Amino acid sequence: MDCIFCRIVAGEIPAEIVYQDELATAFRDIRPQAPVHILIVPNQHLVSIGDILPEHNDLLGRMFAVANQLATQEGVAETGYRLVTNRGEQSGQSVYHLHLHLLGGRWMRWPPG
């Protein structure tokens with residue numbers, strides 16, 4: 001499999017990893033959309049949220065707990081942050097490995113502006 005996120009998790013591709021354990025890895029996005037932009041991925045390859053089954057409950061819980069921990073470490077827990085995941089091309093998913101975007105450090109409005 002030639003998944004860039006699997007290769008980052010395996011240490012084959014360099015990334016600024018800010019968290020890693022047996023279930024999840026988190027690293028800084030190379031094209032940040034906010035002052036804090038961290039990707040949180042399962043170490044197991046899952047294409048998207050469409051692949052989530054009941055047996056993934058511990059994994060999802062870990063991913064959200066890691067997001068909360070990193071938001072605190074990055075100083076955005078109190079001011080607010082956004083967690084985003086995409087499923088499929090029309091949603092904007094560009095890497096087909098489940099991931100959460102942790103975004104913070106600026107106002108996030110919809111519509112922007």
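The values are calculated or read from the model by the stated rules, or taken from the named source; none is laboratory data. Being a predicted model, the structure only gives us computed values, none of them experimental. Heads up, the Cβs are rebuilt from the backbone with ideal geometry, glycines too, and the neighbour counts pull from every protein chain shown.
Only a single item in (1) modelled with pLDDT of 95 or more; (2) within 15 Å of the chain's Cα centre (by Cα); (3) crowded, with 16+ Cβ neighbours inside 10 Å is not met by VAL76, and it is number (2).
Would you point out the residue of segment 1-26, among those that are under 13 Å from GLU74 (Cβ atoms) and without any contact (Cβ under 8 Å) to a residue 60 or more places away in the chain, that is surrounded by the fewest Cβ atoms within 10 Å (Cβ to Cβ)? Working first, answer last.
Within segment 1-26, the first condition is being under 13 Å from GLU74 (Cβ atoms), and the residues that meet it are 16, 18-19, 26.
Among the residues that remain, those that are also without any contact (Cβ under 8 Å) to a residue 60 or more places away in the chain are: 16, 18-19.
Details: GLU16: 10, VAL18: 18, TYR19: 15.
Of everything passing the filter in segment 1-26, GLU16 is surrounded by the fewest Cβ atoms within 10 Å (Cβ to Cβ).
Is it true that some residue in segment 28-46 is in a loop (DSSP other than H, G, I, E, B), touching a residue at least 40 places away in the same chain (Cβ under 8 Å) and under 18 Å from ALA65 (Cα atoms)?
Looking through segment 28-46, none of the residues is in a loop (DSSP other than H, G, I, E, B), touching a residue at least 40 places away in the same chain (Cβ under 8 Å) and under 18 Å from ALA65 (Cα atoms).
Candidates GLY50, GLY105: the one that is loosely packed, with under 12 Cβ neighbours inside 10 Å, in contact (Cβ under 8 Å) with a residue 12 or more places away in the chain and either over 25 Å from CYS6 (Cβ atoms) or not acidic (Asp, Glu) (or both) is GLY50.
Taking (1) closer than 20 Å to ALA24 by Cα; (2) at pLDDT 95 or above; (3) of a type outside the set (S, T, N, Q) in turn, ARG87 satisfies each apart from (2). Counting only residues that are in contact with a strand residue (DSSP E or B) (Cβ under 6 Å, 6 or more places away or on another chain), more than 15 Å from PRO42 (Cβ to Cβ) and not aromatic (Phe, Trp, Tyr), segment 71-112 holds 9 of them. Flag not set for THR72, criterion: β-branched (Val, Ile, Thr) and part of a loop (DSSP other than H, G, I, E, B). Restricting attention to segment 64-73 and to residues that are closer than 15 Å to GLN20 by Cα and of a type outside the set (A, V, I, L, M), the residue that is nearest to the chain's Cα centre (by Cα) turns out to be PHE64.
Of all the numbered requirements in (1) at pLDDT 95 or above; (2) within 11 Å of HIS99 (Cα to Cα), ALA34 misses one, and that requirement is (2).
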